[in-house]
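Below is one structure, written out as structure tokens; the observations come after it.
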Amino acid sequence: MGMPVITPSTTTRTQAITDVIESVALEETALSHILNAEGEKIQKMVAMPDVTPEVLLATNKSVESMVNAVSRLEMILQSKLSTFNSCLCPDSEPVAGQ
């Protein structure tokens, strides 16, 4: 296996920043779908006629674990976005319609 070769990119700074922000937005969307699925899981379990308290507690623990994981990921995404809080892109072009 040889050394990796890094080729120069033609991507502008503005486009790179836009790409990172867009990737954060897509990750946020994915996380919202995960949280929605966890909510649906709880609703289905509670609606079951023969569900035991033990099963409900296990479901709650599972959902709590997932919510905690999503919360950690949210902090990472916030950190990514905060990198660009004071970012100025002097070479940016105006957005169509503005």
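The values are calculated or read from the model by the stated rules, or taken from the named source; none is laboratory data. Just so it is clear, the model here is predicted, and its values are computed rather than measured. Note that each Cβ is placed from the backbone with ideal geometry, even for glycine, and that neighbours are counted across all protein chains shown.
Details
- So E38, is it acidic (D, E), at pLDDT 95 or above, out of contact with any Asp or Glu (no Cβ under 8 Å at 6 or more places or on another chain) and surrounded by 12 or more Cβ atoms within 10 Å (Cβ to Cβ): yes
A quick yes/no check of all residues on (1) within 30 Å of F84 (Cβ to Cβ); (2) surrounded by 12 or more Cβ atoms within 10 Å (Cβ to Cβ):
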| residue | (1), (2) |
| --- | --- |
| S23 | yes, yes |
| T29 | yes, no |
| V55 | no, yes |
| V63 | no, yes |
| V67 | yes, yes |
| V70 | yes, yes |
